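Everything below concerns the one structure shown next.
Computed from the coordinates by the stated procedures, all read-outs in this text should not be read as laboratory data. Quantities reported herein were computed from a predicted structural model and do not represent experimental measurements. Quick reminder, even Gly has a Cβ in these numbers, built from the backbone with ideal geometry, and neighbours come from all protein chains shown.
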Amino acid sequence: MGPSSEAEYSAHAAARDRMVALHLRARGIHDRRVLDAMARVPRELFVPPRLVEDAYADSPLPIGSGQTISQPYVVALTAEAAGISPGDRVLDVGTGSGYAAAVYAAMGAEVLSVEYVPELAEQARRALTAAGFGGVDVLTGDGSRGLPARAPFDAILSAAAGDEIPPPWVEQLTDGGRIVMPLESGAGWQRLVRLTHLAGRDLIDDFGAVRFVPLRGEHGMR
Ligand code: SAH
């Protein structure tokens, strides 16, 4: 690493520490695994080159094809709600940039990620490999159907909003498995909800108002 790239590296590392302190911890994210993972994943590798300066901003950013990389806080909230533990099998619906998939992998999960838009899937594969998360499996397809061939999952996490929890996702959970996804609540706003599938029952918890792009596909937004 030459002097300029070293300086760049420490600028990113400093921005990352600031993000964890100000945008995550100060807002109540407390899961150690989430905070440690987000302090490690190089978010600058998941944003378009012209937006690298904004990589650690407190907002979503455009990544092409009309889609966005989620706001860091929202990725943290989703990961914390899901209670990801090392070794969990996680289905990430809506790969987008690949950033959230990298965070779940950094938490020790085995991550399968599905993206509807082939160009985004390809871009995400490259970013994940560059960031050292080449073990994340990125597939192109309709994630609203889940991934029956690779089920069951300990957690299914969606970065796209629906008006109901896709029934196939519930069928693809382990006992104790969780789904975390935004559900439409009117006027383009959603609630981030968690479904926990335990002993044949489904418990629902609400994690507050959020704003995501719509889930497409068979069990997506109508
Ligand atoms: N987690 C991503 C956020 C991406 S935004 C990140 O960290 O960057 C949501 C993504 O969901 C978009 O890329 C969109 O194309 C994708 N998407 C929407 N409907 C989908 C579906 N049915 N199956 C798979 N991906 C879908």
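Worth a mention:
- 0 to 90° range, to nearest 10: angle between helix 118-130 axis and the chain longest Cα axis: 50 degrees
- Stretched out straight at 0.36 nm per residue, the stretch from Glu218 to Arg18 would grow longer than its current Cα-Cα span by 68.0 nm.
- For segment 82-135 versus segment 192-217, the gap between their alpha-carbon centres in whole angstrom: 19 Å
- Remark: relative contact order (the chain) = 15 percent; criterion is Cα-Cα distance under 8 angstrom and separation of 6 or more residues.
- Helix-derived mean residue ellipticity, 222 nm - over the chain, DSSP H n ≥ 4, -39500 (n - 2.57), to 500: -8500 deg cm²/dmol
- Mean Cα-pair separation over length for segment 17-105, i.e. relative contact order, pairs under 8 Å, 6 or more apart, %: 32 percent
- For the chain, the Kirkwood radius over C-alpha pairs fed into Stokes-Einstein at 4 °C and 1.567 mPa s yields D = 75 µm² per second.
- GluC sites (Glu not before Pro) within segment 115-222: DSSP coil, no more than 15 neighbouring Cβ in 10 Å: Glu164, Glu218
- Comparing Ile156, Ile204, Ile29 in a Gaussian network model of the chain where C-alpha atoms under 10 Å apart are linked, the largest mean-square fluctuation is found at Ile204.
- Average projection, convex hull of the Cα set of segment 143-215: 4.4 square nanometres.
- Antiparallel DSSP beta bridges within the chain, percent to nearest 5: 50 percent
- Computed Kirkwood radius, in angstrom, where 1/r is averaged over Cα pairs of segment 1-64: 12.6 Å
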